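The values are calculated or read from the model by the stated rules, or taken from the named source; none is laboratory data. Nothing here was measured: the structure is a model prediction, and the numbers come from that model. When we count neighbours, we look across all protein chains shown, and the Cβ atoms used for this are built from the backbone with ideal geometry, even at glycine. These accessible areas exclude ligands, DNA and RNA; they are computed on the full protein's heavy atoms, side chains included. Shrake-Rupley method; radii C 1.70, N 1.55, O 1.52, S 1.80 Å.
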Amino acid sequence: MPDDEKILIESITSPHHTERVNKAKYMAMRHALLAALPEGAPGLTVAEANIAILPHLSEIEFPGGARS
């Protein structure tokens, strides 16, 4: 997969708003977030999720936990 390959994502909070993002980074972040989410309610706050995803982030896409 080329480093600059883009995919179109749609906002869940703003209907019909779309944005092109780096596919590799998006998929790596998606994988990390899904791995960090608890199975049951109540889930995580954004602040808790930011901490919980760190051990699951790809070192290739997010070296040292860096985000963009």
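In whole percent, and with a 1.4 Å probe on the protein chains, what portion of the accessible area of the chain is carbon and sulfur? Present the calculation step by step, with values, prior to reporting the outcome.
Details: 3100 of 5320 Å².
The computed percentage sits at 58.
Based solely on its DSSP helices, what 222 nm [θ] is calculated for the chain when runs of n ≥ 4 H residues each add -39,500 (n - 2.57) and the sum is averaged over all residues, nearest 500 deg cm²/dmol?
Details: 2 runs with 21 residues, N = 68.
After summing the helix terms and dividing by the residues of the chain, the value is -9000 deg cm²/dmol.
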Might you report the magnitude of the Cβ-based charge dipole of the chain about its Cα centre, with Lys and Arg at +1 and Asp and Glu at -1, to the nearest 20 debye? 80 debye
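Report the full-extension gain for the segment Asn50 to His31: residue separation times 0.36 nm, less the Cα-Cα distance, to one decimal in nm. If you can, show how the numbers build up before the last one.
Numbers: separation 19, 0.36 × 19 = 6.84 nm, distance 1.34 nm.
Extending this stretch completely gives an extra 5.5 nm.
Show me the three semi-axes of the equivalent ellipsoid for the chain, from the C-alpha gyration tensor (sqrt of 5 times each eigenvalue), largest first, rounded to whole Å.
Working: eigenvalues 91, 67, 17 Å².
Values for the chain, descending: 21, 18, 9 Å.
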